[in-house]
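All remarks here apply to the structure that follows.
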Amino acid sequence: MVLDLVFFSALLCWLPVVGAPSAGMWWAMGVSYSPASTEQILCAKVPGLVAKQARYCRKHLELMPSVAEGAQKGIQECQWQFQGRRWNCTTIGGDPSVFGKVIEKASRESAFVNAILSAGVVHAVTRACASGEPLSCSCDKRRKPPPDDEWKWGGCSEDVKFGVRFSRNFLDPRENRRKARSTMNRRNNEAGRQAILKNMETKCKCHGLSGSCEVKTCWKQQPDFRTVGYLIKEKYDSATEMEITFRREDRGTVEDLEPKNSHFKVPTFSDLVYYEPSPNYCEYDLDSGSFGTYGRRCNASSDGIDGCDLMCCGRGYNTMSEETVERCECQFIWCCKVKCKSCQRIYDVHTCK
Ligand SMILES: *[C@@H]1O[C@H](CO)[C@@H](O)[C@H](O)[C@H]1NC(C)=O
Ligand SMILES: *[C@@H]1O[C@H](CO)[C@@H](O)[C@H](O)[C@H]1NC(C)=O
């Protein structure tokens, strides 16, 4: 399962190939390598691609940088959502291929990582398509007529169905074993995609003389990725614990998943599932994927998970003073300048023992 991240990190290597993601237009930089000769090499360079994925990679080479971008966005969002928690989605030395063994466990955290990466791929691919650059996809042109005459479709509606299909076709073939873990990963991949699919937003713009709204055109747009992160985080909090069931078939035993407690609601396609408990992430134990919380910053005035009591697992904390220089007492000077003083601020930093 660590493969997942080796795989994504190999994709990340593609980012520089097509230029740095500057000004949010990274996808528009064009895939300037000539596909015929390089596609074999590029798709072969990603370790752990199953045959079906490698074919898909060659077929959609121009979208692979978006896959990489999506994976990167997913990891960044994971770290943002989990900052100030014991498990904070750290990758060792910033290298996503060594996410740590936490991903090997069929835990809630693994469920979140799968979902956010899969959603990242949907998001980046869909946006790239709407930019008009890739040849194999574009805006969504199959919109049903609007329900009334007050507005009409216009502009570019993002074709999220393409992005979702892409994410399914590219990511899910990895999860082809008749094992519980494959089932879990497939489900969580899908939950990530549903978070976008179910929360598409309608944006509108007015046209008309002097700001009137004679004509209104509307289009569909994906929620921004921070919103997607929050939605999946909610699913993490309410994830369903499953257990493995076994079924005999001609070809052997097939594993499947069922809710562990029959009183639990049956998870939908939008829900995260897991079947192994998480470590408490207090101690350094790479075998269980835990970096421990020694030396982590904590908030002495919080009772929450970022508070020193919980973060430091009862071991106590050290306090140090840090100093920053900030702009302060800013004044607006007519016209048009802002003048500030610099003030020294001293504050306490708490770190876990
Ligand atoms: C996340 O946790 C790791 C390991 O405990 C720590 O080194 C790192 O500074 C933490 N990152 C943040 C943003 O708190
Ligand atoms: C620490 O926790 C308190 C109480 O929850 C909160 O008001 C404050 O903003 C937190 N400080 C930081 C630096 O996060």
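The values are calculated or read from the model by the stated rules, or taken from the named source; none is laboratory data. Every value quoted in this text rests on a predicted model; they were computed, and no experiment measured them. With ideal geometry, Cβ positions are generated from the backbone for all residues, glycine too; neighbour counts draw on all protein chains shown.
Numbers below:
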quantity	calculated
Subset of the range 291-307 [assigned to a strand (DSSP E or B), out of contact with any His (no Cβ under 9 Å at 6 or more places or on another chain) and more than 9 Å from ligand 1 (Cβ to nearest atom)]	Gly307
Extreme residue, nearest to Ala130 (Cα to Cα), among residues of the range 214-259 that are touching a Lys or Arg at 6+ places or on another chain (Cβ under 7 Å) and part of a helix (DSSP H, G or I)	Phe225
Subset of the range 88-126 that is in a loop (DSSP other than H, G, I, E, B) and over 28 Å from Ile244 (Cβ atoms) - its residue that is modelled with the highest pLDDT	Asn88
Within the range 289-307, considering residues that are more than 13 Å from Thr351 (Cα to Cα) and surrounded by 17 or more Cβ atoms within 10 Å (Cβ to Cβ), the one farthest from ligand 2 (Cβ to nearest atom)	Gly289
Of all residues making up the range 67-87, the number that are of a type outside the set (Phe, Trp, Tyr) and in a loop (DSSP other than H, G, I, E, B)	4
Flag if Arg251 is touching an Asp or Glu at 6+ places or on another chain (Cβ under 9 Å) and loosely packed, with under 15 Cβ neighbours inside 10 Å	no
Residue that is surrounded by 11 or more Cβ atoms within 10 Å (Cβ to Cβ) and out of contact with any His (no Cβ under 7 Å at 6 or more places or on another chain), where the choices are Met311, Met320	Met311
Subset tally (residues that are closer than 24 Å to Asn188 by Cα, touching a Phe, Trp or Tyr at 6+ places or on another chain (Cβ under 7 Å) and within 12 Å of ligand 1 (Cβ to nearest atom)) for the range 264-290	2
All positions within the range 40-58 that are free of Cβ contacts under 8 Å to residues at least 12 places away in the same chain and surrounded by 15 or more Cβ atoms within 10 Å (Cβ to Cβ)	Ala54
Residue among Thr324, Thr319 that is without any contact (Cβ under 8 Å) to a residue 24 or more places away in the chain and outside the structural domain of Phe264 (by TED's automatic domain parsing)	Thr324
Contacts under 7 angstrom Cβ, first residue in the range 260-279 being assigned by TED's automatic domain parsing to the domain that holds Lys233, partner surrounded by fewer than 19 Cβ atoms within 10 Å (Cβ to Cβ) and in a loop (DSSP other than H, G, I, E, B), 6 or more apart	Ser270/Lys198
Pairs with Cβ under 8 Å, 6+ apart, first in the range 290-301 and under 22 Å from Ser110 (Cα atoms), second within 6 Å of ligand 1 (Cβ to nearest atom) and modelled with pLDDT under 95	Phe291/Thr90
Residues that are under 24 Å from Trp87 (Cβ atoms) and of a type in the set (D, E, K, R), drawn from the range 305-350	Asp306, Asp309, Arg315
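Results for (1) within 15 Å of ligand 2 (Cβ to nearest atom); (2) in a loop (DSSP other than H, G, I, E, B), shown as yes or no for each residue.
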residue	(1), (2)
Ser278	no, yes
Cys282	no, yes
Asp287	no, no
Asp309	yes, no
Thr319	yes, no
Lys341	no, no
Arg345	yes, no
